[in-house]
Amino acid sequence: MSQAAPKRSIIGEIDLALAAGSGDKRIKVLMGVTDLFVTSSEHFTEAETKLFDDVMGHLIKHVERRALVELGRRLAPVSNAPLGIIKSLARSDAIDVSGPVLKQSKRLSDDDLIEIAKTKSQAHLVNIARRSHINEPVADVLVDHGDAEVANEVAINDGARLSQLTMAKLVMRADGDDRLTGAMSRRSDITPALFKRLLQQATETVRENMLVSARPEQAATIRQVLDEISAQIGKPPPARNFAEAQRTVAAFSQDPDLTRRKILEFADANRIAEMIAALSILSGVPLDQIETLVNAPTAFGLMVLCRSVALDWNTAGAVLSVRGPKRAAPGRAYDELRGQFDDLSASAAQQLVHFWMGRQKIARNFSQAV
């Protein structure tokens, strides 16, 4: 007898039971099938698991949400749980149904998690970010699509594998976010360059907290970096008068393609005020915030801004070069920036600039309030 025959027989018997039963009876049948599977799951073949998948898939059409919550709770930790049911539960809009599965189930692939992260709520992303292990592609999508809570969950998760680009995104997002700064500072895989940048943009309060909570060897590193930062602090760059630059850029500001070509021209001629004014027109980022990126200790933020307004690398490289020989990223670091530029989508760059601008506004309002 084929496998389809017993499956039809079982489903037929279940239909009869459901037709005569109440809602509680339906839930009892589903939980009975679930218990049967969970208690002996390690002994089932893939074909037998598929049979349970089909039967459970039929049953969940006839039960209330509270039964789905319990089903997700029981199946989430089972390593060979029925795949169709797991995928269905994981995509539920009800987070009490999908949450345990998103957080625990090993049956979900990276593609499943990425698709859910791109289409579901922030609560779904938070649960994915709390998984015991997260691969780089998933972490990258979480950071691109997640809010501050999601970013912090990724940062504090030791099981999250982060690419250098994702790490750099989180450090940029940490500017003005004390909680994320602290979380990133405690990651064992953060590079010395990113750790230094994290300290450079951290508030004095966060730096003090980092020193207090750090292990002795970490504290020594932090003090060394802070000493280096203090030694590098010189006179602030002179304030620019952007009035003339804005008048120059206004003549062609309605033509985005021409504006991009002019950015290259301004960068090559070291006409920084006009370059900043043109970047502001394309991006909508205020002049003073772009100047902050130009004068920042690292080039990543300026590179992200260039990517967000669809500059090609030839133009972006020219923009980065205005930072001067002491600030430019030579050699390997410059090559890494080029690689990150190529890997970073324009939409992800725009989202990152949006987060950064929001944090800058909050920090500015707070400083004015005090």
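The values are calculated or read from the model by the stated rules, or taken from the named source; none is laboratory data. Predicted model, so just to flag it, every value in this text is computed and none were measured. FYI the Cβ positions are ideal-geometry reconstructions off the backbone, even for glycines, and counts take in every protein chain you see. Side chains included, ligands, DNA and RNA excluded: accessible areas come from the protein's heavy atoms. Shrake-Rupley method; radii C 1.70, N 1.55, O 1.52, S 1.80 Å.
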Check: Within the set of pairs 6+ apart or on separate chains, which have a first residue in the range 342-356 that is on the phi < 0 side of the Ramachandran plot, a second that is open to solvent by 50 Å² or more (accessible area, probe 1.4 Å), and C-beta atoms under 7 Å apart?
Finding: Leu344/Arg307; Ala346/Arg307; Ala346/Ala310; Ala349/Arg307
Notebook entry, point to check: So which residues in the range 177-215 are farther than 23 Å from Ala231 by Cα and either part of a helix (DSSP H, G or I) or open to solvent by 30 Å² or more (accessible area, probe 1.4 Å) (or both), if there are any at all?
Noted result: Asp178, Arg179, Leu180, Gly182, Ala183, Met184, Arg186, Ser188, Asp189, Ser213, Arg215
Item checked: the range 188-206, residues that are closer than 24 Å to Thr166 by Cβ and not polar (S, T, N, Q) -> Asp189, Ile190, Pro192, Ala193, Leu194, Phe195, Lys196, Arg197, Leu198, Leu199, Ala202, Val206
Next item on the list: Tell me, yes or no, whether the range 278-288 has at least one residue that is of a type in the set (Asp, Glu) and at pLDDT below 95.
Entry: yes
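Each row is one residue, and each column tells you yes or no for (1) over 18 Å from Ala90 (Cβ atoms); (2) modelled with pLDDT under 85; (3) part of a helix (DSSP H, G or I).
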| position | (1), (2), (3) |
| --- | --- |
| Ile10 | yes, yes, yes |
| Asp15 | yes, yes, yes |
| Ile27 | yes, yes, yes |
| Val38 | no, no, yes |
| Ala47 | yes, no, yes |
| Asp53 | no, no, yes |
| His58 | yes, yes, yes |
| Leu71 | no, no, yes |
| Pro77 | no, no, no |
Check: Given (1) in contact (Cβ under 8 Å) with a residue 24 or more places away in the chain; (2) closer than 23 Å to Gln350 by Cβ; (3) among the aliphatic types (A, V, I, L, M), where does Ala245 come up short, assuming only one miss?
Finding: (2)
Next item on the list: Name the single residue, out of those in the range 75-98 being more than 22 Å from Ala47 (Cβ to Cβ) and among the charged types (D, E, K, R), that is surrounded by the most Cβ atoms within 10 Å (Cβ to Cβ).
Entry: Arg91
Check: Looking only at the range 60-69, which residues are touching a helix residue (DSSP H, G or I) at 6+ places or on another chain (Cβ under 6 Å) and modelled with pLDDT of 90 or more?
Finding: Ala67, Leu68, Val69
Notebook entry, point to check: Any idea how many residues of the range 293-311 are outside any helix (DSSP H, G or I), farther than 10 Å from Gln350 by Cβ and in contact with a Leu (Cβ under 9 Å, 6 or more places away or on another chain)?
Noted result: 4
Next item on the list: All but one of (1) open to solvent by less than 30 Å² (accessible area, probe 1.4 Å); (2) closer than 21 Å to Ala310 by Cβ hold for Ala245, so report the exception by its number.
Entry: (2)
Notebook entry, point to check: Only one of (1) open to solvent by less than 30 Å² (accessible area, probe 1.4 Å); (2) at pLDDT 95 or above; (3) not in a loop (DSSP other than H, G, I, E, B) is not met by Val225, so which one is it?
Noted result: (2)
Check: Just a yes or no: is a residue in the range 86-102 in contact with a Ser or Thr (Cβ under 8 Å, 6 or more places away or on another chain), part of a loop (DSSP other than H, G, I, E, B) and of a type in the set (Asp, Glu)?
Finding: yes
